[in-house]
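These notes concern the structure reproduced below.
The values are calculated or read from the model by the stated rules, or taken from the named source; none is laboratory data. What you see is a predicted model; the values in this text were computed from it and never measured. Neighbour counts run over all protein chains shown; Cβ positions are idealised from the backbone, glycine included.
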Amino acid sequence: MHTIKHMTAVTLATLALSGQALAGAIATGQAHMSVNITDAAGYSWNLNLSPFSSIDAATGDVSLDLSTVNSPISDASGQWSKGSTQVYDSDTDSYISVEAISWHSWAMANGNTGTGASNPDTPWRASMTFAAIGNLDPEMSYGLFAKNNTNSTQNYTLSYGESIVPTIDGAYTLHADISGSVTNPAGTGSVNVSQVPGFNKLQAVRLSNDGGLTFVNGGVDVGNAYASAAVGSQPYGSDSADAGGIGQYNYWDFQTQFQLSAKDTAVLTGYAEITAVPEPASWVLPAVALAAFGLKRRAKRQA
C-alpha cells in the first residue's frame, strides 16, 4: 500500500513547535539513473540515463528532460526515442502515465546486428523503457518496461538515486513498494521474474552519508519472485515494507535487480519515501501521542 504524502494537523503542529520550516528554497541536488542488461550469450549493455535527468531548482522535483530526443537518436549501443510508462504519483495516490526514454539494442535476437525498423521475425535482442519522477525532499518513483526477445534469460539492474535535501539528521521513517505486470506470449513456456543470485528480493533502497560514494541497506527490500504458465498479460503482484532508524543521510537510491525469462516482458513500478521524524518540544509530546493514538484507532476501525 502506498503512503500519501500529506501533512496532518499533528504533523504541522509538531513541525512548528520543533522549529522546522514549512517552506523555503530547495538546495542544489543531483540525480543518477542507469539500466544494465546482460544475457547468457555474453551481451552486455550499460545504459547511462543520467543525462536525461532534470531537477527543478525551485521545487526540487525530479523528472526526465527528453528535449534532445524529439526524434529518434542513435549511438553505438542502439536507438533512443520517446515512449511512455507508468509511475506512482503520491500527489494523486495513483499510477499515472508519463513520458519516458525508450531504447533498443542494435543487436538482434538471432545474433546479427541491424539498424532501422524492427522486423518481427528478427526482433531487437533487448529493449527497455524507463521513467522517473521524484523530489529531493525526498521521494522517488520509477517505471521500467523490459522486453526479452532472446531464447535465454536476461539480467536487469536498475539504479536510480537522488540527493536528500534537507539532509536526514536523526530519526526517520522509510517506506518502499513495488508492483507491476508481466506478459507471457503463447508457445514460449512459463514466464519467470526472479531475484538475482545472492538476493532475496528484487528491489532495495540504499542510504548514503557521503553523496552516494558508499551505501547501507535501508531495510525495506521488496519484490518477490513470480512464475506462471498462464499465457498473456497478468499482474506481477505487489510488495511493500516500512522501517525506521536514526542516522545522517544526504543521498539514497533504488537498486532493482531481476532475471527475466525468454521471450517475456516485465513492467515494474517502484516507489520510496523517507521522512524525518522531528523532535517536538517536550510539553507537546503527550498531546501529539494522544492525537496519534486517536488517528491509529480510527485507522484500525476503518481497516
Filtering segment 42-85 down to residues that are of a type in the set (A, V, I, L, M) and more than 16 Å from K147 (Cβ to Cβ) yields L49, I55, A57, A58, V62, L64, L66, V69, I73, A76
From the list S194, S181, S208, which residue is under 15 Å from D253 (Cα atoms) and hydroxyl-bearing (S, T, Y)?
S208
Counting residues that are touching a helix residue (DSSP H, G or I) at 6+ places or on another chain (Cβ under 8 Å) and within 26 Å of I96 (Cα to Cα), which strands (runs of 3 or more DSSP E) fully inside segment 29-84 reach at least 1?
31-39, 61-64
Residue under evaluation V10, criteria (1) surrounded by 12 or more Cβ atoms within 10 Å (Cβ to Cβ); (2) among the aliphatic types (A, V, I, L, M); (3) modelled with pLDDT of 90 or more, criterion not met:
(3)
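This table checks each residue for (1) among the polar types (S, T, N, Q); (2) modelled with pLDDT under 95.
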| residue | (1), (2) |
| --- | --- |
| G116 | no, yes |
| E139 | no, no |
| N155 | yes, no |
| L158 | no, no |
| S163 | yes, no |
| I168 | no, no |
| Y172 | no, no |
| H175 | no, no |
| N192 | yes, no |
Can you tell me which of D177, D137, D169 is touching a residue at least 24 places away in the same chain (Cβ under 8 Å), under 17 Å from the mean Cα position of the chain (by Cα) and part of a strand (DSSP E or B)?
D177
Quick one: is A58 modelled with pLDDT under 95, farther than 28 Å from S261 by Cβ and not assigned by TED's automatic domain parsing to the domain that holds T129?
no
Quick one: count up the residues across segment 195-217 that are at pLDDT 95 or above and either among the β-branched types (V, I, T) or not in a loop (DSSP other than H, G, I, E, B) (or both).
9
Would you mind finding the one in D121, D177 that is on the phi < 0 side of the Ramachandran plot, crowded, with 21+ Cβ neighbours inside 10 Å and of a type in the set (D, E, K, R)?
D177
Members of segment 155-166 found to be aliphatic (A, V, I, L, M) and over 12 Å from the mean Cα position of the chain (by Cα), listed by number:
I164, V165
Segment 218-243, subset assigned to a strand (DSSP E or B) and within 17 Å of the chain's Cα centre (by Cα), residue modelled with the lowest pLDDT:
G237
Name the residue that is surrounded by the most Cβ atoms within 10 Å (Cβ to Cβ), counting only residues in segment 65-90 that are β-branched (V, I, T) and without any contact (Cβ under 8 Å) to a residue 40 or more places away in the chain.
V69
Taking segment 89-108 only, how many residues are out of contact with any helix residue (DSSP H, G or I) (no Cβ under 6 Å at 6 or more places or on another chain) and within 24 Å of N48 (Cβ to Cβ)?
10
